[in-house]
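Everything below concerns the one structure shown next.
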Amino acid sequence: MSSEPAGGMRQTLASERTTILVTGGAGFIGSNFIRYILTATEYRGSIVNFDKLTYAGNLASLEDIDRTLGRERYFFERGDICDPRRVEDVIGKYSVPIIVHFAAESHVDRSIHGPADFIETNINGTFRLLEAARSAWQGRQDVRFHHVSTDEVYGSLGETGAFLETTPYDPRSPYSATKAASDHLVRAYFHTYGLPVTLSNCSNNYGPYQFPEKLIPLVVLNALEGKALPVYGDGMNVRDWLHVDDHGEAVWQILHKGAAGETYNIGGECEKRNIEVVRDICAILEELAPAAENPCVKDRAGVSRYEDLITFVGDRPGHDRRYAINCDKIKRELGWRQRYDFSGGLRATISWYLRNAAWVESVRSGDYQKWIDRNYAGRNS
Ligand code: NAD
Ligand code: TYD
């Protein structure tokens, strides 16, 4: 199957009237992507954010964008990607030529406790979206379906090596298994129906607006509140950390220059053991909000520094030991580079959480505390 020349997509993106449909735009990466595209690039078209608003979707994450660009270049449509009629209606209403698909159930621990929603959204939802795109686009080649995926589909690495785009899939959690299934479906639609797709498989993201169930925001907020900082197992699992805006820039480059049918790995080239990340957070917090001056911490017996809150807890079942991404292809072929170094990006992220207590409050309402109690109960250290 021949791939569409990159110039076609560049022209589509340069058009003032173009609309990009972003699924999952109220989540962590989707909301940062929308802000990045509308405020930090030359793009002059509009964006439709299609999101079900699960516990992980928060319109507060795009309140600034809605206030400044709402109903001119930014539109929100609440909907479920598993609902074919709703998806078709929105694609038709805005004559969408580009879909960037972030919507997913994304937390490994939740997939262990309850995999059903992962099957439904990540597999069936992606299938419904592909079908809607195929039916709306009818063989057009000046369109694009970009699927956002994860390095976790490749499985777990030993002490050395890194995932390539050609690494065989070996998912080991319900989350990564459902993402792997969705990747296969997206590629099948390219080969079988000629749908112009691209895929990206990305390493762990960090940055502002991340829901505080994931390691970095959870540790920052627990520390500030004088709560235990839970480290799974021996804390020696390795993740490759990438700033969320570097991810957004990479997806933007793929939309402009990526060839249909291709997959691009995106990584931070920044491997860290979990315990190192937790200690880094504690050290930065000591500078920005010293434990000795924090009433939630200083009055706790045996705790004088944030590091004293570190607590090793029972491991995550099937916990992948190490992820590392080889992202030479996107660097070589599309000219993408990471702009953030981890220590600067982490400091900026922690400062953001310190300045945005109202956002934290708004997303932690609802069932958040019930989830925390469920996930950490029984993980005796
Ligand atoms: P997130 O959980 O923060 O956000 C997911 C968003 O999708 C939420 O706004 C939610 O409301 C929405 N959503 C869920 N089910 C939906 C449905 N059925 N219909 C419509 N909307 C629905 O996730 P994230 O961290 O922003 O991840 C975004 C994408 O990036 C996911 O596909 C994930 O697999 C992938 N990814 C994430 C990371 C990471 O480190 N967070 C790394 C690599 C890849
Ligand atoms: P997480 O942020 O859930 O991302 P992922 O599972 O997609 O990599 O976790 C990052 C790493 O941190 C992972 O190895 C699990 C570990 N972890 C902890 O040690 N404690 C925690 O409370 C959480 C949420 C994660």
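The values are calculated or read from the model by the stated rules, or taken from the named source; none is laboratory data. Computed from a predicted structure; not experimentally measured. Glycine also receives a Cβ, built like all others from the backbone with ideal geometry; neighbour counts cover every protein chain displayed. Heavy atoms of the whole protein, side chains included, go into the accessibility calculation; ligands, DNA and RNA do not. Shrake-Rupley method; radii C 1.70, N 1.55, O 1.52, S 1.80 Å.
In summary, the convex hull built on the alpha carbon positions of the stretch 184-264 has an orientation-averaged projected area of 7.2 nm². Comparing 130, 185, 290 along the charge dipole axis of the chain, the residue lying farthest to the positive side is 130, per the Cβ-charge model. Close amide H contacts of residue 202 (hydrogens built in the peptide plane, cut-off under 5 Å, sequence separation of 5 or more or a different chain): 149, 150, 151, 266.
State which entries of 179/214; 214/370; 298/370; 214/272 exceed 21 angstrom in Cα-Cα distance in the structure shown. Listed pairs above 21 Å: 298/370.
The residues of the stretch 1-72 have, on average, 44 Å² of accessible surface per residue, using a 1.4 Å probe with all protein chains present. How big is D for the chain, in µm² s⁻¹ as a whole number, if Stokes-Einstein is applied with the Kirkwood radius of its Cα pairs at 20 °C and 1.002 mPa s? The estimated diffusion coefficient comes to 101 µm²/s. Of the solvent-accessible surface of the chain, computed with a 1.4 Å probe and all protein chains present, 49% belongs to carbon and sulfur. Computed 3J(HN,Hα) for the stretch 115-121, one whole-Hz value per residue from the Karplus formula 6.51 cos²θ - 1.76 cosθ + 1.60 where θ = phi - 60°, is x, 4, 5, 5, 4, 5, 6, glycine and proline marked x. Taken over the stretch 3-126, the percentage of Cα pairs per 10 Å bin, counting from 0 up to the bin with the maximum distance, is 13, 43, 32, 12, 1. When all alpha-carbon pairs of the stretch 256-339 are counted, what percent fall beyond 23 Å? Within the stretch 256-339, distances greater than 23 Å cover 52 percent of Cα pairs. Considering only alpha-carbon pairs that sit under 8 angstrom and 6 or more positions apart, the relative contact order computed for the stretch 63-198 is 28 percent.
Distances between placed amide hydrogens fall under 5 Å for residue 18 paired with 46, all partners being 5 or more residues away or on another chain.
For residue 312, the residues whose amide H sits under 5 Å from its own are 231, ignoring neighbours fewer than 5 places away on the same chain, with H placed 1.01 Å from N. For the stretch 51-178, the spread of Cα positions along the three principal axes, ordered from largest to smallest, is 50, 37, 27 Å. In loop segments of the stretch 54-85 as defined by DSSP, the GluC sites (Glu not before Pro) with at most 15 further C-beta atoms inside 10 Å of their C-beta are 72. Adding -39500 (n - 2.57) for every DSSP H run of four residues or longer, then dividing by how many residues the chain holds, sets the calculated 222 nm ellipticity at -12500 deg cm²/dmol. The average projected area of the stretch 286-381, computed from the convex hull of its Cα atoms over all directions, is 9.9 nm².
Sorting the Cα pairs of the stretch 196-319 by distance into bins of 10 Å, from 0 upward, gives 12, 35, 28, 16, 7, 2 percent per bin. For the stretch 114-245, the Kirkwood estimate of hydrodynamic radius, built from reciprocal distances between every pair of different alpha carbons, is 17.1 Å. Label-to-label distance for residue 116 and residue 160 is 4.7 nm, based on points extended 7 Å past Cα in the beta-carbon direction.
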